[in-house]
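K.L.:
A single structure is presented below for examination.
The values are calculated or read from the model by the stated rules, or taken from the named source; none is laboratory data. All values derive from a computational prediction rather than experimental measurement. No Cβ is skipped: glycine too gets one built from the backbone with ideal geometry, and neighbour counts run over all protein chains shown. To get the accessible areas, we keep the full protein, side chains included, count just its heavy atoms, and leave off ligands, DNA and RNA. Shrake-Rupley method; radii C 1.70, N 1.55, O 1.52, S 1.80 Å.
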Amino acid sequence: MAQVKGKKAGFGAVLWDYLTTVDHKKIAILYLIAGGFFFALGGIEAMLIRAQLAIPNNDFLSAGLFNEVITMHGTTMIFLAAMPLLFAFMNAVVPLQIGARDVAFPFLNSLGVWLFIFGGIFLNLSWFLGGAPDAGWTSYASLSIASPGHGIDFYAVGLQIAGAGTLISGINFATTIITMRAPGMTYMRMPLFTWTTLVAAILIVFAFPPLTIGVFLMIFDRMFGSNFFIVEAGGNTIIWEHLFWIFGHPEVYILILPAFGMFSEIFSVFSRKRLFGYSAMVFATVLIGFFGFMVWAHHMFTVGLGPTANAIFALATMAIAVPTGIKIFNWIATIWGGSIEFTTPMLYALAFIPSFVMGGVTGIMQAAAPADYQYHDSYFIVAHFHYVIVGGVVFALLAGLHFYWPIMTGTMLSEKLGKLEMVIFFIGFHCTFLIQHWLGLWGMPRRVFTYLDGQGYNAANMISSIGAALMAVAVIILLINIIKTLVKNEKVGRDPWGDGRTLEWSLPIPAPYYNFAQTPLIRGIDVLALEKEEGDGTIPSAGPVEPIHMPNNSFIPFMISLGLFIAGFGALYFASGKPWAIDAVADLPVRPWALYVLIAGLAITFISMGVRSWKDDLGYYITKEELEADLRELEARERGAN
Amino acid sequence: MAHHEPEQLTETQLKYLRTERTKEMRIQMISFGLMIFLTFIAFALVALELDKNFIVPIVIGLAFIQVALQFYYFMHMKDKGHDFAKLLILTGLYFAIAFVVCFIMIVWIGNPI
Ligand code: HEM
Ligand SMILES: [Cu+2]
């Protein structure tokens with residue numbers, strides 16, 4: 001067990017440490033780096049889309065390439081950027097917030113991140129191996145079965161691998177929060193970010209299996225000759241739409257709930273007040289999670305389910321606005337009368353309220369089924385979901401990055417650059433998407449690669465593209481900020497914002513790898529604020545210093561994921577040129593090696609799993625003496641700093 | 001998670017543990033027997049070639065009893081400390097049934113309603 005302390009470790013050692021780590025704090029960094037990379041990739045794709053649409057009759061991207069770019073933009077942003085970045089913050093913060101030494105299943109945590117990384121790489125390799133998927137991020141079966149080449153296969157297999165990772169992480173976080181809370185951390189004392197993570201994790205557990213099934217049916221149809229979606233053979237493409245949206249709508253709440261949680265923390269820290277209406281917030285979170293499963297058909301109003309079905313789903317959809325509204329009012333009441341500090345995270349949080357409300361309002365408009373016949377598949381929809389996803393989720397990710405940066409890296413991002421970034425991003429965001437509401441109402445369809453001159457779309461599209469460029473500028477400023485901060489490497493101490501209210505801010509920075517030397521005792525909600533008011537600001541311990549049981553690092557998760565990655569190629573090329581294959585791949589050259597690659601990949605995965613099962617790994621103990629030495633060293637360091 | 005070293009059990013504790021385990025085993029055996037019996041009834045109904053409309057609801061009903069036995073007795077849902085798991089399983093069951101009913105109504109039957 002190599003715990004490098006104090007000494008500078010070589011690059012190879014650090015790399016090996018990260019490849020094998022099971023520490024939630026390091027896995028958070030992995031999620032942050034990989035999610036950040038895919039966020040940049042999706043951002044570049046977005047710039048390509050807006051460049052193509054900036055002027056009429058443009059041929060910067062061909063029609064086919066445009067379809068690939070929009071598909072990969074949506075898929076990358078949702079599955080490979082937004083969710084992993086949220087997982088980065090959950091990993092970094094949630095165990096610390098509830099007083100746990102790690103997540104419930106550290107091994108699975110590592111497996112989750114590697115499955116996501118390999119799935120993401122698999123999906124993006126499509127660019128180099130004959131063309132990316134081009135049926136939209138929703139990949140409706142009628143389009144995707146007909147899509148020639150292997151693009152859709154990359155989508156299906158890549159999402160299956162990454163999705164398995166997400167499902168595993170969902171189970172992990174639900175278990176962690178339910179079973180690993182410190183003494184005194186009752187459900188109704190959990191910080192809001194922990195609550196929203198719990199509900200989002202449960203949503204993942206319920207929502208991902210339908211996606212898994214849908215994607216498996218797609219894989220069987222495209223690669224192994226089945227007929228679930230092939231109409232000529234008695235299949236039904238509508239099944240895909242239902243399965244996708246049964247997953248898809250909860251998915252948007254999986255994204256937005258943790259964002260709500262982060263904003264709740266930020267509002268109360270920088271208003272120096274307890275969150276207003278805590279129990280109402282918890283109730284609203286749970287209610288949103290529950291309702292989220294009963295509304296999926298609002299994405300399918302125009303499919304022809306019939307007026308009764310549409311009415312039921314319209315009503316259920318509108319009902320969700322009620323708990324969401326409760327939240328908005330509670331946030332406003334939290335700020336009200338608070339002693340507000342305008343930091344970068346707080347600015348994002350303040351900007352989030354009006355931006356997200358606008359997205360909510362268009363959501364309600366679309367929920368009215370008859371009206372949706374007008375909006376559907378127009379730019380109005382694009383405006384709606386970017387208002388909620390960018391104005392809600394991306395704002396939260398950027399706010400959370402600034403807010404939790406000290407916990408994750410031990411340094412503080414520049415506030416000056418941060419505020420500049422926030423202002424430019426905010427302006428760019430509204431400039432890009434506000435005008436798209438009108439474009440939609442004027443009749444511009446979504447997912448069409450160009451438009452004619454003289455339809456009145458020119459100016460609005462140009463404005464939208466300029467806004468997109470502004471957002472890119474803001475992200476570049478953020479990158480500069482990050483690089484400058486990392487190079488300067490000025491370490492900060494405990495509670496760097498000065499107003500931390502919850503347990504994670506009570507820890508020294510960087511937190512020791514075992515998080516808590518002694519299990520903390522939680523005496524109330526916002527425990528650090530409570531101890532600051534009533535005591536000396538230190539969290540009491542629930543017990544003496546005791547030896548701590550820790551898991552060993554493991555390379556097996558990497559191998560399991562690698563095996564599936566390799567098997568993916570075997571599955572993908574299996575149907576190439578086979579007589580029974582669907583038309584889309586029947587004319588491609590035969591790949592006789594495909595079956596062997598599939599078997600070899602699965603063998604790697606199952607052998608790795610076997611090694612994990614049959615070779616006992618009992619972990620190790622940190623002795624009492626080591627812990628006491630650490631505590632003394634920490635005390636000396638903090639006394640020296642003052 | 002800190003694992004505590006197993007402490008030496010006293011004579012009475014050991015006895016208590018043994019009776020508890022015997023009781024648990026008896027319950028497992030009874031529910032196992034019951035489940036075999038229910039399966040037998042289902043098979044018998046089909047083998048007797050009774051009216052379809054009569055068999056189907058009964059078999060589905062038996063299936064629900066089986067699921068309940070499985071969850072409560074074999075997967076320990078009856079034991080203490082499983083409240084959250086119970087809540088999630090029931091919620092999941094509710095969603096799953098809703099989805100299946102929905103699929104039958106609007107995909108399989110397929111007439112717009
Ligand atoms: C007040 C709450 C909301 C309501 C009533 C609502 C309603 C709707 C409706 C009815 C549609 C379908 C429109 C159509 O395709 O014709 C839609 C699309 C969409 N919504 Fe929302 N929504 C809400 C909140 C959200 C949130 C919070 C998110 C994400 C964080 C979100 C993300 C999306 C996405 C991604 C789509 C487009 C999917 C696609 O076709 O590609 N919505 N929304
Ligand atoms: Cu939806």
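K.L.:
From the list B:LEU93, B:LEU50, B:LEU87, B:LEU34, pick out the single residue that is surrounded by 14 or more Cβ atoms within 10 Å (Cβ to Cβ) and either away from chain A (no Cβ under 14 Å) or in a helix (DSSP H, G or I) (or both).
P.N.:
One residue alone meets the criteria, B:LEU34.
K.L.:
Within region A:483-498, track down each residue that is closer than 25 Å to A:ILE340 by Cβ and surrounded by fewer than 13 Cβ atoms within 10 Å (Cβ to Cβ).
P.N.:
Of everything in region A:483-498, just one residue is closer than 25 Å to A:ILE340 by Cβ and surrounded by fewer than 13 Cβ atoms within 10 Å (Cβ to Cβ), namely A:GLY498.
K.L.:
Among what's in region A:336-388 and is within 16 Å of ligand 2 (Cβ to nearest atom) and in a loop (DSSP other than H, G, I, E, B), pick the residue that is surrounded by the most Cβ atoms within 10 Å (Cβ to Cβ).
P.N.:
Residue satisfying both the conditions and the ranking: A:HIS376.
K.L.:
Condition test on A:PHE565, is it within 31 Å of the chain's Cα centre (by Cα), open to solvent by 50 Å² or more (accessible area, probe 1.4 Å) and aromatic (Phe, Trp, Tyr)?
P.N.:
no
K.L.:
Which helices (runs of 4 or more DSSP H) sit wholly inside region A:63-137 and have at least 1 residues that are of a type outside the set (Asp, Glu), away from ligand 1 (no atom under 16 Å from the Cβ) and open to solvent by 20 Å² or more (accessible area, probe 1.4 Å)?
P.N.:
In region A:63-137, A:63-75, A:106-125 are the helices (runs of 4 or more DSSP H) which contain 1 or more residues that are of a type outside the set (Asp, Glu), away from ligand 1 (no atom under 16 Å from the Cβ) and open to solvent by 20 Å² or more (accessible area, probe 1.4 Å).
K.L.:
Just to check your reading of the model, which residue among B:ILE27, B:ILE65 is touching a helix residue (DSSP H, G or I) at 6+ places or on another chain (Cβ under 9 Å), modelled with pLDDT of 85 or more and open to solvent by 70 Å² or more (accessible area, probe 1.4 Å)?
P.N.:
B:ILE65
K.L.:
Within region A:232-288, restricting attention to residues that are open to solvent by 40 Å² or more (accessible area, probe 1.4 Å), of a type outside the set (Gly, Ala, Ser) and part of a loop (DSSP other than H, G, I, E, B), which residue is nearest to ligand 2 (Cβ to nearest atom)?
P.N.:
A:ASN236
K.L.:
Taking A:GLY248 and the conditions (1) away from chain B (no Cβ under 12 Å); (2) small (Gly, Ala, Ser); (3) within 19 Å of A:ILE326 (Cα to Cα), which numbered condition does it fall short on, given that it satisfies the others?
P.N.:
(3)
K.L.:
Residue check: is A:ASN109 closer than 20 Å to A:ASN552 by Cα, polar (S, T, N, Q) and under 13 Å from the mean Cα position of the chain (by Cα)?
P.N.:
No; evaluated as a whole, the condition is false for this residue.
K.L.:
Now a separate question. Which of the residues spanning region A:218-237 are touching a Phe, Trp or Tyr at 6+ places or on another chain (Cβ under 9 Å) and within 13 Å of chain B (Cβ to nearest Cβ)?
P.N.:
A:PHE228, A:PHE229, A:GLY235, A:ASN236, A:THR237
K.L.:
While we're here: What single numbered condition from (1) open to solvent by 40 Å² or more (accessible area, probe 1.4 Å); (2) in contact (Cβ under 8 Å) with a residue 12 or more places away in the chain; (3) over 22 Å from A:LEU350 (Cβ atoms) fails to hold for A:TYR457?
P.N.:
Failing condition for A:TYR457: (1).
K.L.:
Looking at (1) part of a helix (DSSP H, G or I); (2) away from chain B (no Cβ under 14 Å); (3) open to solvent by less than 40 Å² (accessible area, probe 1.4 Å), can you tell me which one A:MET318 breaks?
P.N.:
Looking at each condition in turn, A:MET318 falls short on (3).
K.L.:
State whether one or more residues within region A:499-516 are in a loop (DSSP other than H, G, I, E, B), under 30 Å from A:GLU626 (Cβ atoms), free of Cβ contacts under 8 Å to residues at least 60 places away in the same chain and open to solvent by less than 40 Å² (accessible area, probe 1.4 Å).
P.N.:
No.
K.L.:
Quick one: would you say A:ALA309 is within 12 Å of another protein chain (Cβ to nearest Cβ), open to solvent by less than 10 Å² (accessible area, probe 1.4 Å) and farther than 30 Å from A:ILE424 by Cβ?
P.N.:
yes
K.L.:
Is it the case that A:ALA309 is more than 13 Å from ligand 1 (Cβ to nearest atom), farther than 23 Å from A:THR71 by Cα, modelled with pLDDT of 95 or more and in a helix (DSSP H, G or I)?
P.N.:
no
K.L.:
Give me a count of the residues in region A:213-266 that are of a type in the set (Asp, Glu) and within 16 Å of ligand 1 (Cβ to nearest atom).
P.N.:
2
K.L.:
Another question about this same structure. Hey, could you check region A:573-622 for residues that are aliphatic (A, V, I, L, M) and in contact (Cβ under 8 Å) with a residue 60 or more places away in the chain and say which is surrounded by the most Cβ atoms within 10 Å (Cβ to Cβ)?
P.N.:
Out of the qualifying residues, it is A:ALA575.
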